[in-house]
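Heads up: the structure comes next, in structure tokens.
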Amino acid sequence: MSSVSDLTARARIRDAALARFGADGIAGTSVRAVAADAGVSPGLVLHHFGSKDGLRQACDDHVLDSIRSGGEEGADALAEVLQAATPVRRYLARAFLDGSSGASALFTEIVDRTEAWLIDGEREGWVRSSDDSRARAVVYVSWLLAPLVLGDHVGRLLGGDPAETATAVRGAKAGLEILTNGLFADDRWLSAYTAINDEERSK
């Protein structure tokens, strides 16, 4: 049975890895660097996680668990990401760029939860209906996660790191203004793409 100190050391190592992976990526991070950041020996890292890949998996699982348990029932899964600690946002950005099974599972889960949230919104009257709820959720999630993945470019133009709360919220607010108030004054582009979509579906 693990002692309290073992559990504390494991969490400290995981948090150090979360920050280091977010900054340097999986390939650019060594077990020795994580150990130094956590103030433990490389041997203790391997004792708890077995390998660097095991450590990465623990970080993926931690982020997934945070998304599953965070927020109130029915809350937007994307809001949970935006409200998460900065190291988690940086880890997410790097995970989506580097690619991992955990990142794929995380993206799918966020889309699943967001799709359900938007469908609930339709029933409650605060979301407009859609004839393709899955595509709507995928595009919505992709749109709101894009600033994390395009961090350098977004940060340069908004004057702040999109992994930091202030810039993340600024970007989210701009997106929500578009979603709530609309952007185009007529339906010319919607009509054009609806016609193309109908044609593609009929093939």
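Looking at (1) modelled with pLDDT of 85 or more; (2) closer than 25 Å to Asp65 by Cα; (3) not polar (S, T, N, Q), find the lone condition where Ala163 falls short.
(1)
Please report, ordered by residue number, the helices (runs of 4 or more DSSP H) entirely within region 131-189 with at least 1 residues that are polar (S, T, N, Q) and in the same structural domain as Val88 (by TED's automatic domain parsing).
So the answer is 133-149, 165-181.
Within region 28-59, how many residues are closer than 17 Å to Leu92 by Cβ and touching a residue at least 24 places away in the same chain (Cβ under 8 Å)?
5
Among Val141, Val127, which is in contact (Cβ under 8 Å) with a residue 40 or more places away in the chain, within 30 Å of Asp65 (Cα to Cα) and in contact with a Leu (Cβ under 7 Å, 6 or more places away or on another chain)?
Val141
When region 6-36 is examined, which residues are found to be basic (Lys, Arg) and closer than 18 Å to Asp65 by Cβ?
Once the filter is applied, which keeps residues that are basic (Lys, Arg) and closer than 18 Å to Asp65 by Cβ, region 6-36 yields Arg10, Arg12, Arg14.
The values are calculated or read from the model by the stated rules, or taken from the named source; none is laboratory data. Everything quoted here is computed from the prediction, not taken from an experiment. Counting neighbours? That spans all protein chains shown, and the Cβs are built from the backbone with ideal geometry, glycine included.
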